[in-house]
Amino acid sequence: MKIIVRTFSVLICLFANLLNGQSLGDSNSSGLSPFEKAELRRLLDLDFLDLSRTPIRGVLGYEQEHWKNPASVHVIRPEDISLNGHVLMVDSFRNVAGMHTTRGVGYDDFVTMRNFSGSATEKFLTMVDGREVLQLMGGTINWTTEDVPLAILDRVEIIRGPGASIWGTNSVSGVVNVVTKHAAQTQGDSVRLIIEDDGTFLGEYVHGGQISDDTFYRFWVRDQEYSEGKLISGMDARDDGYARKAGFRFDKELNADLDLTIAGAFATRRVEHVLDLTARLFYYNAADPSSPIPIHLADGLSLPNLPSPLIPSSWQGSAVPGQTLSALGLPRYQNYEEMPQDASHLRAKLSGITENDLEWSLSGYAELYDTNLGHVGHSWEREEFDLDFKANRPIGDRNHLAFGFSLRHMSLDVDEIATPPWRFPVFDPSTGTLRSDIPILDYGTSPTSFDRYAGFFQNSIDLNDRTVLSLGSKFEDSDLTGSSIQPGARLSYALDQRNILWGAYSRAYRQASLVEKFTKVSYGRIWNHPLLPGRWLPMDFESDPTLDDEKMDAFELGWRTRPSDKLLIEISLYHYSTKNAIFSGPPVYTTSDVKTTGGELTFDYRASHSWHLQGGYSYSKGKKDGVKQDDFPESMANLSSHLNLRDDLTFIQSLYYTGDRTIPSAYNPIPIDEYLRLDLGFVWQAKDNWEIGLFGRDLLDPGHAENMYNDLDVEPGRVERTFLLSITKKF
Amino acid sequence: MLLSGLTPIAAKNATSDDKRRIGRVQATYLTHLINLTQWNKDHLPTPSQSPKIVILGDKENGFTESLEFLLEQSGIGIGGNKIEILHFRNGDKIKANAALENKPQIVFFLSSSNYDPKKMRELSKHSLFVGNGRKFITELKGDIAFNYSRNRVRLIISKLALTRRSPKLNSQISRLRSVVEIIP
């Protein structure tokens, strides 16, 4: 913390001195501060509907783009996605400092934030139109399933740092808030087609119409077809498949200050996934029972009483001839199975403003998700119902109170099977019988029905013209985690018309996933165990229903400066101290104390009418139980330049740097070298609402590794140089 | 005060930050409205003169500066020409009257204005009159009014401004019934 405070103080002094001289002069000449001018530019892009919905007095935590907001916020607009040659929303997170966005195989996207999440698990809260989309079973997000067509996307607000006092549990390292457009703003038809040189395809069609003066609708469909890529070794990745989705939205103004929205979507995805079987058959190590010996290694050492055959016949079909893994040269075994997912949701929202300025919304959500992780033989159907009420109103001249409550009911129907390689006789000590049907994940008789009740309040207080203080807390009681209080305090101070300082303290919680908490994991088989030397025995570990929530104390400091309306610079520093942090991956789910320190420097510079530069740098350092973590890159940077060659032609250059790290594993840790990605592209905004983009991505590097599910995947997918053609037409 | 109706009640409780934001939102609305308004050739200045927006009332919320900035940024003009903004405080009545006699294209009454829109209308019948509050339309014969209530700024438009020949608001505005209130 001391380092952060010192660094921050020095930077503040330097930059404040540097900028102070010119600040007053400019502001006096126009009467508008640079922040006000920047807001005017943004307002100019709004249509009448958006203008009529622009709140005059904003509420901290609601209106993310206000310059006094005491939080580190990045907002992604649809054009940030299309102009940078990104296909999905998740790709655009590469332009957000502090976010580590990576690809596994073609359909796998991983996002972690601010060096606190291990390799794959997302420890931040993601909401799409107010609906939480974090999958509690594994603590992950399926970014393809939750994506929406670009034409209906209004914005993605990314709030770095915990926002628990409003957002609640799981908003640990940040919040991603996706907001779609009102149906009135997507009238007519639009088509977006993207074709990559490897055959990957995305098609989106949106149709919007008007039923009456105050009633609008839209429906949309999208299809994403994945072509097969390669693994980093050059082997086929078997990642071809498809993700298809359809949705609708209906908006009606019931009266001048009462709106109704009903929306829903259905998504279906069909892909295959692999389970690495290379290091799952072991030989009992009498010298060190906690370090069993892989069976092939035992064979190489000619240890006594080896099984015959060495590998069960059901297992032999999963061998990959000629391929070895890990430093021990173990023969490679892997099992591919179907991993289908069908997901649907329906939501309804009533919102309004009363005569005494109480702005409120009441939302209801219903979800049905059917997920089958065929490679681990684990499937579940999840039904979920949510009710959410939020409101805010000014109290006098200086206070603005926000409050709300929510209810959730979730129920699961979980099913497990033993996948084909595992169907060989194993002695189960718990039943005293030989079994061939022990699943990898066994949810057993663990609870399948969960309720959650939550409430929050927050008061934003204008202490004076320069200082805004926000105090609040969230209260939760759930079957999963018991009761918790998650307080937060945020303060924003305007040094002058160009400089805002802010600071925050938050306590945030993250629930252990259902797998971590309730699922017995049978991750291997062991031979020659003293319990029954002539038989295979299961190697497993029990889940831990007593796992506490991860509890984080987060301290943040920020400085936001606008030397002119064309340049915005932001620095955010943070220190997180987390108790009971859970890091997934065999052999056990352990809890650790984790300390994470870091910061981001970002800028947005409109150098001229024809040149726009944006970029950021992030640094972070984490220690788990006092040991330095290496699963998150210490340094990352991004730089994007949009140069208008003509009024209708933009040349885009994007650079992304990611530092080196290691994908953790119990037996097969994979070092990922630093990589530099260069994307170049042209976007031609032709007549009659045609937009055509041509991009080359990863131009410096024909292929590199980024990520994989540790200890599930065998090796990372190969992220290859690609060329992409995008065509958008509105009519 | 004769024209206290120009100031919506809610705006009186607004903080200085709120008032400046109201000014920015109003200026943005007006910038869009210029694009949606048609003037007959007779109601436009000669090619050698700039079209004009006259703003009346004491400065209070950065509206004038916001409008200047938005017009410069957007390049929006009237009849293809750059717009000149003239601002007259409440004490500048003689100069303001003279400016209106030159037939400006738009006259905007700040909420602090004590100018009488009815009298000003007699000086410039073919200007688009924009002001604040419902009464500006219903009692003071204005064309467009901004109404700040329930933490939002919304538009109220006289039907006459949609139906007369000049200055005439584009009928596409009348289709935005969910955001614009049209008063017959």
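The values are calculated or read from the model by the stated rules, or taken from the named source; none is laboratory data. If you're wondering where the values come from, they're calculated on a predicted model, not measured in any experiment. With ideal geometry, Cβ positions are generated from the backbone for all residues, glycine too; neighbour counts draw on all protein chains shown.
Looking at this structure, is A:THR261 polar (S, T, N, Q) and under 30 Å from A:SER52 (Cα atoms)? Yes, satisfied.
The strands (runs of 3 or more DSSP E) falling completely within region A:164-272 that include 1 or more residues that are over 26 Å from A:MET99 (Cα atoms) map to A:188-196, A:201-212, A:215-226, A:241-255, A:258-270. Considered as a group, the residues in region A:376-399 that are within 14 Å of another protein chain (Cβ to nearest Cβ) and either touching a His at 6+ places or on another chain (Cβ under 8 Å) or not in a strand (DSSP E or B) (or both) include one that is surrounded by the most Cβ atoms within 10 Å (Cβ to Cβ), and that residue is A:ASN392. Out of A:SER620, A:SER608, one residue alone is under 30 Å from A:GLU79 (Cα atoms), modelled with pLDDT under 95 and touching a Phe, Trp or Tyr at 6+ places or on another chain (Cβ under 8 Å). It is A:SER620.
Every residue, every condition in (1) within 17 Å of B:GLN49 (Cα to Cα); (2) buried (at least 23 other Cβ atoms within 10 Å of the Cβ); (3) touching a residue at least 12 places away in the same chain (Cβ under 8 Å), yes or no:
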residue	(1), (2), (3)
B:GLU68	no, no, yes
B:GLN73	no, no, no
B:GLY77	yes, no, yes
B:GLU84	yes, no, yes
B:PHE109	no, yes, yes
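All conditions in (1) closer than 26 Å to A:LEU43 by Cα; (2) away from chain A (no Cβ under 14 Å); (3) among the hydrophobic types (A, V, I, L, M, F, W, C) hold for B:LEU44, with the sole exception of (1). Going residue by residue through region B:42-59, is there one that turns out to be crowded, with 17+ Cβ neighbours inside 10 Å, at pLDDT 95 or above and of a type in the set (Gly, Ala, Ser)? Checked region B:42-59: no residue is crowded, with 17+ Cβ neighbours inside 10 Å, at pLDDT 95 or above and of a type in the set (Gly, Ala, Ser). Taking the condition at pLDDT below 95, more than 27 Å from A:PHE48 (Cβ to Cβ), of a type in the set (A, V, I, L, M) and touching a helix residue (DSSP H, G or I) at 6+ places or on another chain (Cβ under 6 Å), does A:VAL172 pass? No; evaluated as a whole, the condition is false for this residue. For B:GLY142, the conditions (1) within 21 Å of A:LEU51 (Cα to Cα); (2) buried (at least 23 other Cβ atoms within 10 Å of the Cβ); (3) free of Cβ contacts under 8 Å to residues at least 40 places away in the same chain all hold with the exception of (1).
Selection within region A:82-121: residues that are part of a strand (DSSP E or B) and among the hydroxyl-bearing types (Ser, Thr, Tyr). The member of this set that is modelled with the lowest pLDDT is A:THR112. Just one of the listed residues (A:ASP593, A:ASP630, A:ASP648) is of a type outside the set (Val, Ile, Thr), surrounded by fewer than 21 Cβ atoms within 10 Å (Cβ to Cβ) and closer than 24 Å to A:ARG94 by Cβ, namely A:ASP630. Selection of region B:164-181 for residues being among the polar types (S, T, N, Q), within 12 Å of chain A (Cβ to nearest Cβ) and surrounded by fewer than 14 Cβ atoms within 10 Å (Cβ to Cβ) yields B:ASN170, B:GLN172. Residues in region A:462-477 that are more than 12 Å from chain B (Cβ to nearest Cβ), surrounded by 15 or more Cβ atoms within 10 Å (Cβ to Cβ) and over 23 Å from A:VAL172 (Cβ atoms): A:LEU469 alone. Residue count for region A:266-315 under the criterion of being within 30 Å of A:PRO149 (Cα to Cα) and buried (at least 22 other Cβ atoms within 10 Å of the Cβ): the result is 2.
A:LYS579 satisfies every condition listed in (1) under 30 Å from A:TYR505 (Cβ atoms); (2) touching a residue at least 40 places away in the same chain (Cβ under 8 Å) except (2). Residues that are closer than 15 Å to B:ALA27 by Cβ number at least 1 in the following helices (runs of 4 or more DSSP H) confined to region B:47-136: B:63-74.
Got a sec? Which of A:ASP465, A:ASP496 is of a type outside the set (S, T, N, Q), free of Cβ contacts under 8 Å to residues at least 40 places away in the same chain and in contact with a helix residue (DSSP H, G or I) (Cβ under 9 Å, 6 or more places away or on another chain)? Answer to the check: A:ASP465.
Say we look at region B:138-163 and pick out the residues that are within 19 Å of B:PHE108 (Cβ to Cβ) and among the basic types (Lys, Arg); which of these is farthest from the other protein chains (Cβ to nearest Cβ)? Taking the candidates together, the pick is B:LYS141. A Cβ distance below 8 Å, combined with a sequence gap of six or more or placement on separate chains, defines the contacts here; from region A:624-639, residues that are within 30 Å of A:HIS612 (Cα to Cα) reach residues that are assigned to a loop (DSSP other than H, G, I, E, B) and among the acidic types (Asp, Glu) in the pairs A:PRO633/A:ASP660; A:PRO633/A:GLU674. Can you pull out every residue in region B:58-80 that is at the interface with chain A (Cβ under 9 Å from one of its Cβ atoms) and aliphatic (A, V, I, L, M)? Correct list: B:LEU70 only. Going by the structure shown, is B:TYR148 crowded, with 17+ Cβ neighbours inside 10 Å and farther than 27 Å from A:ILE353 by Cα? No, not satisfied.
Exactly one of (1) among the small types (Gly, Ala, Ser); (2) within 19 Å of B:GLY142 (Cα to Cα); (3) away from every other protein chain (no Cβ under 11 Å) is unmet by B:ALA98. Its number? The number of the failed condition is (2). Taking the criterion of being outside any strand (DSSP E or B) and out of contact with any Leu (no Cβ under 7 Å at 6 or more places or on another chain), the residues of region A:400-434 that qualify are A:ILE417, A:ALA418, A:THR419, A:PRO420, A:TRP422, A:ARG423, A:PHE424, A:SER430, A:THR431, A:GLY432. Note on region B:164-181: residues that are part of a strand (DSSP E or B) and within 19 Å of B:ILE106 (Cβ to Cβ) amount to 3.
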